[in-house]
Amino acid sequence: MKKTRFKLLLLFITGLIISCSNDDEVKIAGLGDFSGNYRLNFVTNSSTYCYNNDVSSIDLEISSNGRFKQKIFILNNNEECVLTEILEGQITITKSFNMHPDGTVVYDNSEISHHIFLPSSVDGVHNKLRIAHSDGSAIQFIYFKTI
């Protein structure tokens, strides 16, 4: 009888300690790790933007704190896809809709921001993401994580 009470008391105390942990981080449903290197796979609704045919190209780098570098390629007058700029900024995931996290992409030294959408993660890792222009143009950049 005393052993049973002791075990129950120990179990209760353990549960209390776990429930009172100091983990105040806000959890967003469906959000896994989206840091890493990505390759631009497709650009929708654009006659200007393009993607580099170099299969080893890293077009988007995201650090674990959400900082990023994004390469922008545009078709020149000779119909060649050329690197025109490298943008940097911060990605912030703000909410989840149907277990698909989304948020904002804010560029440094600019008032421009776009939307980012992350499909469901696989084993806690997002291997694909979509950045959509928020100017009403319906341009979207679709990226896949490189290995």
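The values are calculated or read from the model by the stated rules, or taken from the named source; none is laboratory data. Treat the numbers as computed from the prediction; the structure is a model and nothing was measured. We place every Cβ from the backbone using ideal geometry, glycine too, and count neighbours over all the protein chains shown. Side chains are part of the model used for accessible areas, which takes the heavy atoms of the whole protein and leaves out ligands, DNA and RNA. Shrake-Rupley method; radii C 1.70, N 1.55, O 1.52, S 1.80 Å.
Before moving on, here are some points about what is shown:
- On inspection, Asn77 does not qualify as closer than 21 Å to Ser134 by Cα, more than 18 Å from the chain's Cα centre (by Cα) and open to solvent by 80 Å² or more (accessible area, probe 1.4 Å).
- Every residue from the range 121-133 that is of a type in the set (S, T, N, Q) and either touching a helix residue (DSSP H, G or I) at 6+ places or on another chain (Cβ under 7 Å) or open to solvent by 60 Å² or more (accessible area, probe 1.4 Å) (or both): Asn127
- Looking only at the range 97-112, and only at residues there that are of a type in the set (A, V, I, L, M) and at pLDDT 90 or above, the one that is most open to solvent (accessible area, probe 1.4 Å): Val106
- Hits in the range 136-147 - residues which are in contact (Cβ under 8 Å) with a residue 12 or more places away in the chain and farther than 14 Å from Leu40 by Cα: Ser137, Ala138
- Residue list for the range 85-96, filter: open to solvent by less than 70 Å² (accessible area, probe 1.4 Å) and either of a type in the set (A, V, I, L, M, F, W, C) or free of Cβ contacts under 8 Å to residues at least 24 places away in the same chain (or both): Leu87, Gly89, Ile91, Ile93
- Given (1) open to solvent by 80 Å² or more (accessible area, probe 1.4 Å); (2) of a type in the set (A, V, I, L, M); (3) in contact with a Phe, Trp or Tyr (Cβ under 8 Å, 6 or more places away or on another chain); (4) touching a residue at least 40 places away in the same chain (Cβ under 8 Å), index of the condition Leu118 fails: (1)
- Evaluated against (1) surrounded by 10 or more Cβ atoms within 10 Å (Cβ to Cβ); (2) modelled with pLDDT of 80 or more, Asn65 falls short on exactly one condition, (1).
- Residue within the range 30-51 that is in contact with a Pro (Cβ under 6 Å, 6 or more places away or on another chain) and surrounded by 16 or more Cβ atoms within 10 Å (Cβ to Cβ) present: yes
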